[in-house]
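FYI, it's all coordinate maths here, none of it is from the lab. No experiment lies behind these values; they were computed from the predicted model shown. Methodologically, a virtual Cβ is constructed for each residue, glycine included, from the backbone with ideal geometry; neighbour enumeration extends over all protein chains shown.
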Amino acid sequence: MKKKLLVSFGLIILFLLISVGAKGELVPCGQTADKPCKLEHLTILAKNVFDFIVFKIAVPLGALVIVAGGIVMLVSGGNPNLLSLAKRMLWGAVIGIFLVFGSWLIVYSILRALGYTGP
């Protein structure tokens, strides 16, 4: 029961942080009649969604897992099972962050090849 409450509280905090960090609209068109949406706005949408997932969700979550792994390593007290768990958490978080940034690089390169010239 205590574990479920802690996980629920953590997820609520995570979603609140994500919603506070979210900025503006995903596509800068279509809100008014003088700014109609065009085909190039589709690449802007793809970039904005992917950047949101990478920089607003994956990086903070990876950092949180690294911190949790470090805390578990500190409190392991010589227990080989906890130390092994902490090492797996740290390696998993580091590998996950590298995979996320690698995929970001691939998507960004594909968008550039398709003609996206935004920031």
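With only alpha-carbon atoms in the gyration tensor, what are the semi-axes of the equivalent ellipsoid for the range 52-114, in Å, largest first?
Taking √(5λ) for each eigenvalue gives 32, 11, 5 Å, largest first.
If you count, for each residue, the other Cβ atoms within 10 Å and average over each peptide, how do 50-62, 98-110 line up from highest to lowest?
50-62, 98-110
Which lysines, on any chain, are close to residue 4 with Cα under 16 Å apart, when same-chain ones fewer than 8 places away are left out?
none
Rounded to the nearest 0.05, what FRET efficiency is calculated for residue 67 and residue 8 with R0 set to 22 Å and r the Cβ-Cβ distance?
0.70
Below 15 angstrom from the Cβ of residue 65, what's the summed charge of the other residues (Lys, Arg +1; Asp, Glu -1)?
Residues near residue 65 contribute +2 overall.
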